[in-house]
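The values are calculated or read from the model by the stated rules, or taken from the named source; none is laboratory data. Predicted, not measured: the structure shown is a model, and the values here were computed from it. Quick reminder, even Gly has a Cβ in these numbers, built from the backbone with ideal geometry, and neighbours come from all protein chains shown. When the accessible area is computed, the model is the full protein with side chains, heavy atoms only, and any ligands, DNA or RNA have been set aside. Shrake-Rupley method; radii C 1.70, N 1.55, O 1.52, S 1.80 Å.
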Amino acid sequence: MPRTARLRRALAAVLLSTALLAGTTACGGDDKATGATVTGTATPTSTEEAQKFAKTRFVANAGLAAGATYQWIVKPYREGKFKEGADGRTFALVKAGLAGAFTYNRLKAAVNNAEGDPLLSKAVVPLTAGIDSLKDLGAKLRKGEAGDADVGAFEKIIGEVKDAGRSAGAEVTDKVPSASELGG
């Protein structure tokens, strides 16, 4: 693609995004009839609501981590898709690597969410070291260097996070992210 075409597209994108941003900021403001101020973010008004939001976000993030682990790491590993010479091995390894990084990211987010609820944070605190140990496993999966112990580590941590959520009244169910969500 010629350099000038790229420059024109970039300029058009900047202008369009600026126009959209200016249009959305003009929409907020005071409502003169009721005296209320219109804002764009919802914030919990009580400690109880903050704790409920913390549990909800924890369940969502932990569910995505669990779904990604099962769908893109555990299941293909058990089916032998990571073995040398297997059909679709490269694609399975790339997806597993992305899923490993995604799982680590969502588990870290879930731990941060758990801090908003006293019972949940007590249940999750012992798991932080195990979650931190998953940091480099995504790259190991992508390179095809992962073995039983590595896949087992993912399963173990996900099981412990689910148990911690269950004990704090935040039942975690698997939610499988799409392949595009893994890379996004």
Residue match in the stretch 142-153 (condition: in contact with a Phe, Trp or Tyr (Cβ under 8 Å, 6 or more places away or on another chain) and within 16 Å of Y104 (Cβ to Cβ)): yes
Index of the failed condition, E181 passing every other in (1) part of a helix (DSSP H, G or I); (2) modelled with pLDDT of 90 or more; (3) of a type in the set (D, E): (2)
Criterion violated by L134 - all others in (1) closer than 17 Å to K81 by Cβ; (2) in a loop (DSSP other than H, G, I, E, B); (3) modelled with pLDDT of 90 or more satisfied: (1)
Among (1) out of contact with any Gly (no Cβ under 8 Å at 6 or more places or on another chain); (2) in contact (Cβ under 8 Å) with a residue 12 or more places away in the chain; (3) of a type in the set (V, I, T) - the single one T103 does not satisfy: (1)
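One residue is enough: does the stretch 66-79 have a residue meeting the conditions under 22 Å from P177 (Cα atoms), at pLDDT 90 or above and outside any helix (DSSP H, G or I)? Outline the logic, then answer.
Going through the stretch 66-79, the residues under 22 Å from P177 (Cα atoms) turn out to be 66-79.
With the extra rule that they be at pLDDT 90 or above, the set shrinks to 66-79.
Going one step further and asking which of them are outside any helix (DSSP H, G or I), we end up with 79.
The answer is yes, given that some residue of the stretch 66-79 is under 22 Å from P177 (Cα atoms), at pLDDT 90 or above and outside any helix (DSSP H, G or I).
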Residue within the stretch 162-169 that is hydroxyl-bearing (S, T, Y) and outside any helix (DSSP H, G or I) present: no
Candidates L141, L93, L98, filtered to the one that is touching a residue at least 60 places away in the same chain (Cβ under 8 Å), open to solvent by less than 20 Å² (accessible area, probe 1.4 Å) and either touching a strand residue (DSSP E or B) at 6+ places or on another chain (Cβ under 6 Å) or more than 24 Å from T56 (Cβ to Cβ) (or both): L141
Candidate set from the stretch 103-117 (those that are crowded, with 23+ Cβ neighbours inside 10 Å and small (G, A, S)); member that is farthest from L134 (Cα to Cα): A114
